[in-house]
Amino acid sequence: QVTPVDVIAYVRLNLDDNGKPAFDTTVVSVDIHGVSTPFTGEAPLDFGFGRKGELMVFTNGASVFSYNLDQGYLYGIGIVPESEYSADDSISFLDVDPVSNVVTVCWNRKFVNKENVASLSSEISFYRLGEQGTFEILKRVYPDELPEGSALANGSNVTIVSDGGDSEFALFATNDGSLCSVDLRGDGVDATVKRMYHFPELARTSESDT
């Protein structure tokens with residue numbers, strides 16, 4: 001019996017003596033830890049690198065890990081409780097902004113009511129990736145902070161905008177067509193979502209819409 005195991009494989013690209021790019025012949029593979037098992041075969045494809053390219057960040061669908069290309073696994077943070085993790089209750093988005101080192105994680109939960117109508121809720125967390133692979137919480141958006149009844153559809157992106165100084169905020173669109181922003185500066189973890197504009201033509205009327 002063959003068991004599929006998700007890994008991240010990479011090779012190093014260096015400059016040779018003539019200044020031309022050359023690939024290292026050694027392929028390094030990193031096993032992705034499972035949610036309740038040593039390995040997984042259902043990890044999301046999302047991953048990213050920190051500002052200097054030394055730290056890689058990836059997820060197994062419930063937790064987020066930092067990995068040093070020379071030292072291996074460093075830190076992990078739990079997002080989805082192990083008892084709640086499923087295909088309908090997992091991390092739907094992970095990204096690392098290489099300019100600000102902000103790690104964005106979206107946790108989506110799908111619910112079906114008595115009328116068999118599906119709905120979605122989203123919780124978005126923002127962390128600062130430290131030089132040692134640590135995750136410092138910046139802000140967290142809870143479902144009730146989003147426009148009423150809205151969430152981030154699976155496959156949606158979150159963009160970080162930073163000028164390297166006093167301004168740093170996140171932009172994203174919810175499934176009701178709202179363009180929203182979150183200021184990542186200031187005290188406290190609880191975030192305030194600002195609805196900047198509403199595009200009704202971009203709204204998804206159901207979870208089956210694409």
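The values are calculated or read from the model by the stated rules, or taken from the named source; none is laboratory data. For clarity, every value in this text was computed on a predicted model and none was experimentally measured. In this analysis, Cβ positions are derived from the backbone assuming ideal geometry, glycine residues included, and neighbour counts consider all displayed protein chains. All accessible areas refer to the heavy atoms of the entire protein, side chains included, with ligands and DNA or RNA removed. Shrake-Rupley method; radii C 1.70, N 1.55, O 1.52, S 1.80 Å.
Worth a mention:
- Tensor-based shape of segment 19-84 (alpha-carbon gyration tensor, a/c under 1.5 rounded, otherwise prolate or oblate): prolate
- Within-9-Å neighbourhood charge of V182 [Cβ basis; K, R +1; D, E -1]: 0
- Summing charges over neighbours of T59, with a neighbour being any other residue whose Cβ is under 13 Å away from its Cβ, gives -4 when K and R count +1 and D and E count -1.
- Length gained on full extension, D187 to E84, computed as 0.36 nm times the residue gap minus the Cα-Cα distance: 34.1 nm.
- Tail weight of P(r) past 20 Å, computed on alpha-carbon pairs of the chain, percent: 62
- Of G50, G130, G72, the one that fluctuates the most in a GNM where the chain has Cα springs shorter than 10 Å: G72
- When the trypsin sites (Lys or Arg not before Pro) in segment 22-109 are filtered for DSSP coil states and for at most 11 other beta-carbon atoms within 10 Å of their beta-carbon, the remaining sites are K52.
- A Förster radius of 22 Å combined with the Cβ-Cβ distance from R51 to A22 puts the calculated FRET efficiency at roughly 0.35.
- Under Karplus coefficients 6.51, -1.76 and 1.60, residue-wise ³J(HN,Hα) of segment 23-35 in Hz, glycine/proline x: 7, 5, 7, 8, 9, 9, 10, 10, 6, 8, 4, x, 6
- Within straight-line cross-link reach of K139, lysines at Cα separation under 21 Å, skipping those fewer than 8 residues along the same chain: K194
- For the chain: accessible area per residue (Å², 1.4 Å): 58
- Ignoring aspartates and glutamates fewer than eight residues from K52 along the same chain, the ones with Cα atoms less than 17 angstrom from its Cα are D70, D95, D97, E131.
- Values of log10 I(q)/I(0), in the order q = 0.13, 0.16, 0.23 Å⁻¹, for segment 104-180 under a Debye, Cα-only, solvent-free model: -0.47, -0.66, -1.13
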